[in-house]
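Everything on this sheet refers to the single structure shown next.
The values are calculated or read from the model by the stated rules, or taken from the named source; none is laboratory data. Please read all numbers here as calculations on a predicted model, not as lab measurements. Glycine also receives a Cβ, built like all others from the backbone with ideal geometry; neighbour counts cover every protein chain displayed. Just so you know, the surface numbers come from the protein's heavy atoms only, side chains and all, with ligands and any DNA or RNA stripped out. Shrake-Rupley method; radii C 1.70, N 1.55, O 1.52, S 1.80 Å.
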Amino acid sequence: MTGGAWLCLLAPLGGTIAILLGGNRLPRVAAGWIATSSVFVAFAGAVWAFIGVRGPQPTCGALGGCFYPPPGELTTAWTWLASGHFSVGLQLLVDPLSTVMMLIVSGVGGLIVLYSIGYMHGDPEERRYFAYIAFFVFSMLLLVEGGNLLMLLVGWGLVGLSSYLLIGFWHERPSAVQAAKKAFVMNAFGDATMALAFFILIAHTGSLSFESAFNVHLSSTTQSLVALGLLGGAAAKSAQIPLQTWLPDAMEGPTPVSALIHAATMVTAGVYLIARTHPIFEQARTVELIAAGIGALTLLVAGLIALVQTDIKRVIAYSTMSQIGYMFLGVGVGAYSSGMFHLMTHAFFKALLFMTAGLAIHALSGEQDIRKMRGLGKLMPFTKWCFLAGALALVGIPPFSGFFSKDSIIASAAALGTWYGWIFWLCGVAGALLTGLYTFRLWFLVFPGEPSAFVQEHHHKEGRFGEGHWTMLVPVGVLAVLATVGGWLQWAPLWHPFTNWLAPAASTLAAAAPTNTQEYYTSAATVIAGLVGIAIAWAIYSEERVKIPYAPFAQRVLENKFYFDALYDRLFYRPAAAIATDLRIDFEEPVILQTGPDLGETTLEAGGMVRRLQTGFLRTYVLFLAFGAAAVVLAFLIAK
Amino acid sequence: MSASYLTSILIWLPVAGAILVWLLPLSRYATGALAMLFSLAEVGLWIEQAARFDFSRPGLQMEERARWFGDLGVSYHVGVYGFSVWLVGLTVVAMAAATGYGFWVGRDRPRGYFALMLLLTGATVGVFVAQDLVVFYAFFEAMLIPLYVLIGVWGGARRMDATIKFVLYTMAGSLLMLAAIVAYGLQAHTFDLVDGPASGSRWLFLGFMLAFVIKAPLFPFHGWLPDTYREAPPEVTAVLSGVIAKAGLYGMLRIAIPKFPDPASFYRTAVLALAAAALVYGSLLAFRSTDFRGVVAYSSLAQSGLIALGLFAGTDLGFDGAVLQMVAHGLVSTSLFLIAGVVERRTTTGEFRLLGGMARGRPALATLLIAVGVISLAVPGSANFAGEFLILAGVFQRAWWWAAIGAGAIVLAAMYMLRLISAVLHDARGSTVADEALDVRPGELALIAPLVAGLLLLSAWPAAISHHSFFGNSPAATVKGQFK
């Protein structure tokens, strides 16, 4: 099984290296197929690892303290970094949690890379794209397989790098370059807080293994700081408030990148991190609940902003933020398996939504404004029905997959039974209404009805089936099926193999395990909320029976994304840039850089003055001699 | 097994080569080729030395000692420790790349130029292996002379101003160090670094430290740095920031900290503050610099601060991280300045407002710059990340706020390095970027690619250095015990 883990990790890296070394000698089509096949090989490795995995249970004492053994099998290639008694191996962990993530990343990843072959066809730099995307899959697999905290951080940083490279793939667009930099810098901030948390652990335990980190006993303040550091990294990577502003801009990247990195895998890494390091968070329960609170807040804020977006990809991007908010809520309250289950179904339906959006964008020669797209469904029936499957899964209408995963999370909030538990619950249900509203706003604006003039003018058929190359249609079809049936794996009140599978690595907290009653009434509430949202969207955008309420202030706030960008610009970027500029103009140039020349001139001047003493006249020298001798004598006399 | 002659050969082979290159009336091409041959032979010899070095044995190895001024206690004493092996390796590799660059661009007056480059190689190796203070001082000064000439003769338009500044700063430091060396030697009746006792004199410590902080440099002693790095030929800047600057940091590690343990801990907070200031100040100025070399120059200032932070943390992780970071940053900085040279040759400028869009149609240049750039901003998984991580984890054990400042600087590093990458490679085509400006040529690739390959290897296995620099399981104790 460890062989499978290594195969899974290294196959995409091999793909990257092959494409890089091949360079221009490689036919463009070949690059795509190398990348795709390497990711599918990784999937085979993941299946191999999955089949062989066995995880031990944590042993809990009578007083409630638990000992967490390494929850799976560790495999070390070599000592990566060592100093004194501190040593970290290039180490993988194969356990229930990591294998599930491996399957999702390489499975969904393989489909999206296959889709890219059609989507990127004809781009002059196709090879570079496929080298990057295979490198991303490698990095993401390192993140989820990493067998200690440092390896996790390495994967964490490398996915950030590949995300930067792919957001800025079209590097002649200034907006893409800007978005790429923004994403990287915000994530570097998260990396830094994680590193600080690790420094605390090293100072106290001298190690970064999961085992020592999970079983360390620190003061509650220190423990909270460690958890906060990790939470900073998680929030940055998963675009949660207050580190969320980079994700919408990241839509500048090619659409398959948005599907893979900014929907299905990388942005959900924060959820994985919390599930993976849950013993640390459980010892700092307040911080864990803060994570849940951040999730609840983000899911509402993002859902609201999604209501006013006009770019098809940005609507889906805000929806991603909102859905990750649900996942944070789940893992934050302690329902790790529910959060992870939603991560999986979300990977299916959100990748599907992005890829169908990609088909639409392709057919319209790059247009992304939903106000121009009306009636596209008539020309693209396959896209339309697949999108509908994804949309229903997103809203959580049974029997589509989102229903099964989202409701459990909200029910877990109810299970807490505390005042904040009920606030979380209300946020979750309100979020379901918003989800129905913004998703079907998108649907009614784009697909039903007669094609608009713009669509008729710009639509063109592609591929043998008219809606795209077969490499694009097959993954969309597969994901449409998964988005529909993927949730049937688990329905919490009746059967829960997924939760059981994860139990050894991340078992749900007893306080967050909902009863069946809670599950039922939560499901009823969210489905009703979702249907109400759909109904409002239908009334406003399809039948136009209801006018959009006139609220210029609210609209302005939403269109400006609650002013986070402007705030951060004023608060951080501009002061830093101003300080740096002032330092250069007022200190570096006049003081530091002038010291040298000033010293030089002073030396020269002093030399010039001394030179004037060298008159060449004997009488001057005698005079100096006399003065000198007198001074020496005086000095001696005084000293005595 | 001992192969002690290797150390001396590593110093004197390039010096002999310098004399030969200078005397032989060869053609331009043959002169360069001969110099390259010597540089590559150095690399080969170093590989031999590293292979023979026994990392499991304590103390000095491959040692050579001959009486020089017996009654003064001066001897020609050279030898290597684990960390010196890595720094010598950095020197010979970076010097070979820089010499090759000079060969590639065809510097004027080749005999003088290549003789000086070889002389510089020998002197720098000498600094890293000298075990006698007088020998150390001699090499430290010998290193400067070729640099003065290389900058003053082959530099850019304002080279004379830059040279004068450089001379003034470095001479000021050197003279104080000379005074400190004499005073130390007279007190201890020996100038030997291995046998010499520890001293408690704060004045002597400060005398040494001043020379080292100017060389490294640390804030606010970097007045010479921006102009020098801008005006020197790119390959000279490359070794200046990649290798020569490390001599100052090496001096702290080899002399200032172990020989003056009490003053070092007395002034610890002050030095850490200077180092942190260099880190933050350098990062901020790098972020606002308007040209390629300016960004890399100030980022070198920041990196020197970071390394000094690790050294003066006085912890195991700090020392190991500092040595790792010296080598990793040495390779990064050498590569970046050579790439700056590559860009300048095609566009005649390093000004960002005149550059841009070079990635289109130049995949090799883009790949090299992006690879080195992201390693330099310490993307997790890179050798520089490993070094920074150890340093900050080490200084965290001293006090948390140093690490917090360092973590903040990581974010700044991302900002200035990505700005550099984009300004050169991305967005619209700059006004000086001609369509016919070529991608990196095979000759240039042959110089830069090995450096990048070295960085990738180190990224795959940073423990190669971090775990093989000091004998034993506690670098801090080894340094305190004067490496015995």
Checklist entry - With respect to the numbered conditions (1) open to solvent by 10 Å² or more (accessible area, probe 1.4 Å); (2) within 16 Å of the chain's Cα centre (by Cα); (3) within 14 Å of chain A (Cβ to nearest Cβ), which one is the sole condition not fulfilled by B:L331? => result (3)
Checklist entry - Of all the helices (runs of 4 or more DSSP H) wholly in region A:358-437, which have at least 2 residues that are within 23 Å of A:S337 (Cα to Cα) and of a type in the set (D, E, K, R)? => result A:401-416
Next on the checklist: Would you confirm whether or not region B:158-170 contains a residue that is modelled with pLDDT under 90, assigned by TED's automatic domain parsing to the domain that holds B:W12 and outside any helix (DSSP H, G or I)?
Outcome noted: yes
Next on the checklist: Condition check: buried (at least 20 other Cβ atoms within 10 Å of the Cβ), of a type outside the set (S, T, N, Q) and either assigned to a loop (DSSP other than H, G, I, E, B) or within 14 Å of chain A (Cβ to nearest Cβ) (or both). Does B:G173 satisfy that?
Outcome noted: yes
Item to check | Residue tally, condition within 22 Å of A:M373 (Cα to Cα) and loosely packed, with under 14 Cβ neighbours inside 10 Å, over region A:541-573 | outcome: 7
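Specify which of the listed residues (A:L364, A:L388, A:L392, A:L379) is crowded, with 24+ Cβ neighbours inside 10 Å and either of a type in the set (A, V, I, L, M, F, W, C) or closer than 15 Å to A:S238 by Cβ (or both). Give the derivation first.
Values: A:L364 fails: crowded, with 24+ Cβ neighbours inside 10 Å; A:L388 fails: crowded, with 24+ Cβ neighbours inside 10 Å; A:L379 fails: crowded, with 24+ Cβ neighbours inside 10 Å.
On inspection, the qualifying residue turns out to be A:L392.
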Checklist entry - Could you list, in sequence order, the residues of region B:260-298 that are away from chain A (no Cβ under 14 Å), within 23 Å of B:T237 (Cβ to Cβ) and either in contact with a strand residue (DSSP E or B) (Cβ under 7 Å, 6 or more places away or on another chain) or open to solvent by 10 Å² or more (accessible area, probe 1.4 Å) (or both)? => result B:R293
Checklist outcome for this item: Looking across region B:420-444 at residues that are surrounded by fewer than 20 Cβ atoms within 10 Å (Cβ to Cβ) and assigned to a helix (DSSP H, G or I), the single one that is farthest from the other protein chains (Cβ to nearest Cβ) is B:G443
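Results for (1) under 20 Å from the mean Cα position of the chain (by Cα); (2) over 23 Å from A:K237 (Cβ atoms); (3) of a type in the set (D, E), shown as yes or no for each residue.
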residue: A:G109; (1), (2), (3): yes, no, no
residue: A:G122; (1), (2), (3): no, yes, no
residue: A:Y129; (1), (2), (3): yes, no, no
residue: A:Y132; (1), (2), (3): yes, no, no
residue: A:F136; (1), (2), (3): yes, no, no
residue: A:L142; (1), (2), (3): yes, no, no
residue: A:E145; (1), (2), (3): yes, no, yes
Checklist outcome for this item: Residue hits (region A:1-23; open to solvent by 60 Å² or more (accessible area, probe 1.4 Å), in contact (Cβ under 8 Å) with a residue 24 or more places away in the chain and over 26 Å from the mean Cα position of the chain (by Cα)) are none
Checklist entry - For region A:272-329, how many residues are of a type in the set (S, T, N, Q), under 29 Å from A:L502 (Cα atoms) and open to solvent by 10 Å² or more (accessible area, probe 1.4 Å)? => result 2
Item to check | Subset of region A:408-436 [touching a residue at least 12 places away in the same chain (Cβ under 8 Å) and closer than 27 Å to A:Y541 by Cα] | outcome: A:C427, A:G428, A:V429, A:A430, A:G431, A:A432, A:L433, A:L434, A:T435, A:G436
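Scan region A:104-122 for residues that are farther than 18 Å from A:A351 by Cα and touching a residue at least 12 places away in the same chain (Cβ under 8 Å) and jot them down.
A:H121, the sole residue that qualifies.
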Checklist outcome for this item: Within region A:156-179, the count of residues that are more than 8 Å from chain B (Cβ to nearest Cβ) and open to solvent by less than 10 Å² (accessible area, probe 1.4 Å) comes to 8
Checklist entry - Here is a list of conditions, (1) open to solvent by less than 10 Å² (accessible area, probe 1.4 Å); (2) at pLDDT below 90; (3) not in a loop (DSSP other than H, G, I, E, B), and B:G242 meets all of them except one; can you say which number that is? => result (2)
Checklist entry - What is the number of the single condition among (1) within 14 Å of another protein chain (Cβ to nearest Cβ); (2) assigned to a loop (DSSP other than H, G, I, E, B); (3) closer than 28 Å to B:G82 by Cα that B:I214 does not meet? => result (2)
Item to check | Listing of helices (runs of 4 or more DSSP H) fully contained in region A:152-254 that carry 2 or more residues being out of contact with any helix residue (DSSP H, G or I) (no Cβ under 6 Å at 6 or more places or on another chain) | outcome: A:174-205, A:210-215, A:220-237
Checklist outcome for this item: Of the residues in region B:254-283, those that are closer than 14 Å to B:L412 by Cα and of a type outside the set (F, W, Y) come to B:A276, B:A277, B:A278, B:L279, B:V280, B:G282, B:S283
Next on the checklist: It is to be established whether one or more residues within region B:454-461 are within 13 Å of another protein chain (Cβ to nearest Cβ), open to solvent by 50 Å² or more (accessible area, probe 1.4 Å) and part of a loop (DSSP other than H, G, I, E, B).
Outcome noted: yes
Next on the checklist: Being more than 7 Å from chain A (Cβ to nearest Cβ) and either of a type in the set (D, E) or open to solvent by less than 20 Å² (accessible area, probe 1.4 Å) (or both) is the filter here; which residues of region B:386-402 pass it?
Outcome noted: B:G387, B:E388, B:I391, B:G394, B:V395, B:A399
